[in-house]
Each structure stands twice: as C-alpha cells, then as structure tokens.
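Worksheet: one structure, shown below.
The values are calculated or read from the model by the stated rules, or taken from the named source; none is laboratory data. Computed from a prediction, not measured in an experiment: that's the story for all the values here. Glycine gets a Cβ as well: all are built from the backbone with ideal geometry, and neighbour counts include every protein chain shown.
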C-alpha cells in the first residue's frame, strides 16, 4: 500500500517514528519496532523520528531517556536532529483541544 499511496500522490514521502515512554528500558519488541520503522523510512528515502511520549512525569526518568537514545543508536537507527518530546507540545495540544471542544468536535467527561 505504501508504494501505491506514493505513486498515487496520496503522500509524497515516508516519515516514521518510534515513540517510547521513558519509564523503563527497551525490550526486544521495542527493537523490532525501531528496526521496522527505521527500515521503512530508509527503504523509501524518508525520515525517522525519535519522539519520547513523556506524558507521565511521575514514572519517567532521564536515565531511561539516555538509555533509550543509546539503544536506538546501537541498533543503527539514525534520527539525526529529529529528537522530540511530547511534553514540549503540551500548550499547543491544550489549545487545539480547547478549540475542538468549542466547536463541538470533542468533549470532556
């Protein structure tokens, strides 16, 4: 389907990501996800992001962030300057959520 979507102009590039939550060390399932996503980006000449889903500060540690970064690099997945943290976008996400609620497209329960 990726080939078809690119050929049909649905998308003009492939851009993948690995979004770990920095609350522990990586396991073999994480390695599979990293290699699949990085490999797909490479195969299609695309980009690969490392984006930490750091949305639960009570369980997250910088130790895990550093360990995950090292493991991703050890696996050969290059994210270059595309290292992101979800927490950097909290204000933007909040503002979008408020707009959606005001438009009746989302709700708070």
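Kindly indicate whether residue 48 is in a strand (DSSP E or B), at pLDDT 95 or above and touching a helix residue (DSSP H, G or I) at 6+ places or on another chain (Cβ under 8 Å).
Working: in a strand (DSSP E or B): yes; at pLDDT 95 or above: yes; touching a helix residue (DSSP H, G or I) at 6+ places or on another chain (Cβ under 8 Å): yes.
So residue 48 fits the description; yes.
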Identity of the residue in segment 63-89, in contact (Cβ under 8 Å) with a residue 24 or more places away in the chain and in a helix (DSSP H, G or I), that ends up nearest to residue 36 (Cα to Cα): 72
Filter segment 99-109 down to the residues that are surrounded by 10 or more Cβ atoms within 10 Å (Cβ to Cβ) and under 22 Å from residue 56 (Cβ atoms) and list them by number. 106
Against the conditions (1) farther than 17 Å from residue 85 by Cβ; (2) in contact (Cβ under 8 Å) with a residue 40 or more places away in the chain; (3) over 12 Å from the mean Cα position of the chain (by Cα), where does residue 38 fall short? Just the number, please. (3)
